[in-house]
1. Look at segment 75-127 and say how many of its residues are over 22 Å from residue 59 (Cα atoms) and not in a loop (DSSP other than H, G, I, E, B).
2. Show the residue pairs meeting these rules: Cβ distance below 7 Å; 6+ apart or different chains; first residue within segment 128-142 and polar (S, T, N, Q); second residue part of a loop (DSSP other than H, G, I, E, B) and modelled with pLDDT of 90 or more.
3. Identify all residues within segment 75-93 that are in contact (Cβ under 8 Å) with a residue 24 or more places away in the chain and not small (Gly, Ala, Ser); write none if there are none.
4. Which pairs turn up if I take residues in segment 177-191 that are without any contact (Cβ under 8 Å) to a residue 40 or more places away in the chain and more than 23 Å from residue 146 (Cα to Cα) and look for partners that are assigned to a helix (DSSP H, G or I) and open to solvent by less than 80 Å² (accessible area, probe 1.4 Å) with beta carbon separation below 7 Å, at least 6 apart in sequence or on another chain?
Amino acid sequence: MHLTQIKLAHFKNYSELKASFSSQFNAFVGKNGMGKTNLLDAIYYLAFGKSHFRIPDNQLMQKGASFFRLESSFQISEKTTEIIIKVSPKKQKVIEKDGKKYKRLSDHIGTIPVVMIAPDDTLIGTGGSEDRRRLMDETICQVDKNYLTKLNAYNKLIKQRNAALKMLAKNQRWDENLIASFDEQLVGPALV
């Protein structure tokens, strides 16, 4: 599989960009601040439906723009696959594969396998475990839909459990049964 073409509109520092790629080797060369990493982030966005840098969608739009759009063509096993992503602040994000809109983002994960390591990712080797875990989770989710489903369920339960803990702390009371029920529910998705 390889990316054959990409078109960007109002994504980060690109008003408009159209680029074609070789199936062999591609290199991006330019001065600092010219958009090399932004182009890589656009490719990552096409794979995951979000920025590698955890930037909210409304901050990915070029200043003064009311939308951004990413279009791509991938050669996958002798077949051309087109991925289009349309983002407008007051509308739902649209991700299409070959003209058909996905109902859920999780259905798209794994269509375009991508691993991105950017200049700021040196902490993967030297920092805490959170960055390494994120890299491993993203990589595994692309090849194992069951892992993605369980990871989403686990993260949702953790978020709910943490919100309950904050509420209990704010009210200065403890509900052992509530916390125990979250702990029991966490076991299922944690077993992959």
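1. Selection size over segment 75-127: 16.
2. Going by the 7 Å Cβ cut-off, the qualifying pairs are 139/115; 142/109; 142/110; 142/113.
3. 75, 76, 80, 81, 83, 85, 87, 89, 93 - these are the residues of segment 75-93 that are in contact (Cβ under 8 Å) with a residue 24 or more places away in the chain and not small (Gly, Ala, Ser).
4. Close Cβ pairs satisfying both conditions: 178/164.
Conditions (1) under 21 Å from residue 96 (Cα atoms); (2) without any contact (Cβ under 8 Å) to a residue 60 or more places away in the chain; (3) open to solvent by 80 Å² or more (accessible area, probe 1.4 Å); (4) touching a Phe, Trp or Tyr at 6+ places or on another chain (Cβ under 7 Å), marked per residue:
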| residue | (1), (2), (3), (4) |
| --- | --- |
| 8 | yes, no, no, yes |
| 11 | yes, yes, no, yes |
| 26 | no, yes, no, no |
| 31 | no, yes, yes, no |
| 36 | no, yes, no, yes |
| 45 | yes, yes, no, no |
| 48 | yes, no, no, no |
| 67 | yes, yes, no, no |
| 71 | yes, no, no, no |
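The values are calculated or read from the model by the stated rules, or taken from the named source; none is laboratory data. Keep in mind it's a predicted model, so treat the numbers as computed, not measured. A quick note on method: Cβ atoms are made from the backbone with ideal geometry, for glycine too, and the neighbour counts reach across all protein chains shown. For accessibility, only protein heavy atoms count, side chains too; no ligands or nucleic acids. Shrake-Rupley method; radii C 1.70, N 1.55, O 1.52, S 1.80 Å.
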